[in-house]
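Have a look at the structure below before the remarks.
The values are calculated or read from the model by the stated rules, or taken from the named source; none is laboratory data. Keep in mind that what you see is a predicted model, and the values were worked out from it rather than measured. Methodologically, a virtual Cβ is constructed for each residue, glycine included, from the backbone with ideal geometry; neighbour enumeration extends over all protein chains shown. When the accessible area is computed, the model is the full protein with side chains, heavy atoms only, and any ligands, DNA or RNA have been set aside. Shrake-Rupley method; radii C 1.70, N 1.55, O 1.52, S 1.80 Å.
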Amino acid sequence: MLTKRQNLWETIRGGNPDRFVNQYEYLNLILEAPTFTFMPEIDKLTKDGWGVTWSWPKDQIGAFPLHDPEHKVLKDVTEWKKYVKAPVVPTSDEAWAPSVAHARSINRNEEFVAAFYGPGVLDMTHMLMGMEDALMALYEEPEAMHELIDYITEHELKCARMLVDRLQPDALLHHDDWGSQINSFLSPAMFEEFFLPAYKKIYGFYKDNGVELIVHHSDSYAANLVPMMIEMGMDIWQGVMKTNNIPELIKQYGGKISFMGGLHSGEIDFPDWTPENCAKHVEEACRTYGKYYFIPCLTAGLPLNAFPGVYDAVTNEINKISKVLF
């Protein structure tokens, strides 16, 4: 039986996997790193290191920034240097001790030591000023947006240097949502101009410093951006939704990039979820998308569920269908 790590490589290289890669099983995620310290609190307003105020109503499954006049960080993108201040990147041994201990405990023959980073560059632009302002600024104030994106990118590279130095990761899970369920937020041409250069720098740095596997989360439509995903060095797109025509993506790009998802969390992870519904979606996805260049996984960006039991139920169903199809 192949290790989780070996089975991942066989799957994304079109080799001889002996089962489906089961969701996030191959990534041992280091979430203790001080580059990832902010978690919004339910039913409270909380502020992150960039000054963004987050709200998480108790009846909702997640948090989102507030962009009313009182709470918006960046009200005028042409004055971004006045308002936007990146958080200090921790460097002390004490701050890094928990994550270093976690990384050292991992058997690298079995799993990948996976650094985590989020939110990404595009997400940060709209978290600072709101989605409408961020998208409009790309048209109305492109020079200022290029400067802001460069500033956000440089901060992320500072974090990347510390992650590499302290953890020596061989994988990265990176978050940045690039679309809705039916389309990308930007046209490919706009994405290429504003965000591709940033990601070539970021993912290029990781690849040049021992990270073998880049996994990018965007639970969305983004099929029109796949050529640029490949160009920037992405190995696995996590969060791929069915609206992307996954069989066509595998046929066209398999071997250059792999696709992790196909199990829409909104159709599976809800209050009245059932094991039978999990089984239905897992079998449909695994039979439709096949054994190569595809990893069945909920589209959510971490190995978690919104409602207790769902993630484990999906994991169990993937194990079951592996015994049938392999």
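Below are the figures for this structure:
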{"item": "Span per principal axis, largest first, for the Cα atoms of region 1-75 (Å)", "result": "56, 27, 23"}
{"item": "Label point at residue 76 placed 7 Å out along Cα→Cβ; residues across region 110-147 whose backbone nitrogen lies under 20 Å", "result": "126, 128-147"}
{"item": "Prolate/oblate/rounded call for region 42-93, Cα gyration tensor, a/c under 1.5 rounded", "result": "oblate"}
{"item": "Cα gyration tensor shape for region 213-255, rounded if a/c is under 1.5, else prolate or oblate", "result": "oblate"}
{"item": "Kirkwood-based shape ratio for the chain, expressed as Rg/Rh from alpha carbons", "result": "0.95"}
{"item": "Max mean-square fluctuation residue, GNM over the chain, Cα-Cα springs under 10 Å, options 257, 152, 106", "result": "106"}
{"item": "222 nm mean residue ellipticity, helices alone, for the chain (DSSP H n ≥ 4; -39,500 (n - 2.57); rounded to 500)", "result": "-13000 deg cm²/dmol"}
{"item": "Contour minus Cα-Cα distance for residue 47 and residue 140 (0.36 nm per residue)", "result": "30.6 nm"}
{"item": "Cα-based Rg of region 124-219 normalised by 2.2 N^0.38 Å, two decimals", "result": "1.15"}
{"item": "Rotationally averaged projected area of region 239-326 (alpha carbon convex hull; nm²)", "result": "5.4 nm²"}
{"item": "Tensor-based shape of region 171-248 (alpha-carbon gyration tensor, a/c under 1.5 rounded, otherwise prolate or oblate)", "result": "oblate"}
{"item": "Rough spin-label spacing in nm, given labels placed 7 Å along Cα→Cβ, for residue 212 and residue 64", "result": "4.0 nm"}
{"item": "Where labels lie 7 Å past Cα in the beta-carbon direction, separation of residue 270 and residue 132 in nm", "result": "2.9 nm"}
{"item": "Using a Förster distance of 56 Å, the FRET efficiency for residue 307-residue 200 (Cβ separation, nearest 0.05)", "result": "0.90"}
{"item": "Simple Cβ-charge dipole of the chain, Lys/Arg +1 and Asp/Glu -1, about Cα centre, in debye nearest 20", "result": "1000 debye"}
{"item": "Accessible carbon and sulfur surface of the chain relative to its total accessible area, %, 1.4 Å", "result": "52 percent"}
{"item": "Region 80-150 - convex hull of alpha carbons, volume per residue in Å³", "result": "128 Å³"}
{"item": "Extension gain from residue 85 to residue 190, taking 0.36 nm per residue of separation minus the Cα-Cα distance", "result": "35.3 nm"}
{"item": "Rg/Rh (Cα only; Kirkwood hydrodynamic radius) as it applies to region 156-292", "result": "1.00"}
{"item": "Links that overshoot a 22 Å alpha carbon limit, given the list 201/291; 81/158; 4/200; 4/242; 75/201", "result": "201/291; 4/200; 4/242; 75/201"}
{"item": "Proximal aspartates and glutamates relative to residue 72, as straight alpha-carbon distance under 12 Å, when same-chain residues fewer than 8 apart are discounted", "result": "133"}
{"item": "Overall dimensions of region 1-157 by Cα: Rg and Dmax, Å", "result": "19.6, 58"}
{"item": "R0 of 35 Å, Cβ-Cβ distance residue 165-residue 39: FRET efficiency to nearest 0.05", "result": "0.90"}
{"item": "Degrees between helix 196-208 axis and first principal axis of the chain (Cα, 0 to 90, nearest 10)", "result": "60 degrees"}
{"item": "Estimated FRET transfer efficiency (residue 284, residue 31; beta-carbon r; R0 45 Å; 0.05)", "result": "0.90"}
{"item": "Set 58/320; 207/280; 256/323 screened for pairs whose C-alpha atoms are more than 32 Å apart", "result": "58/320; 207/280"}
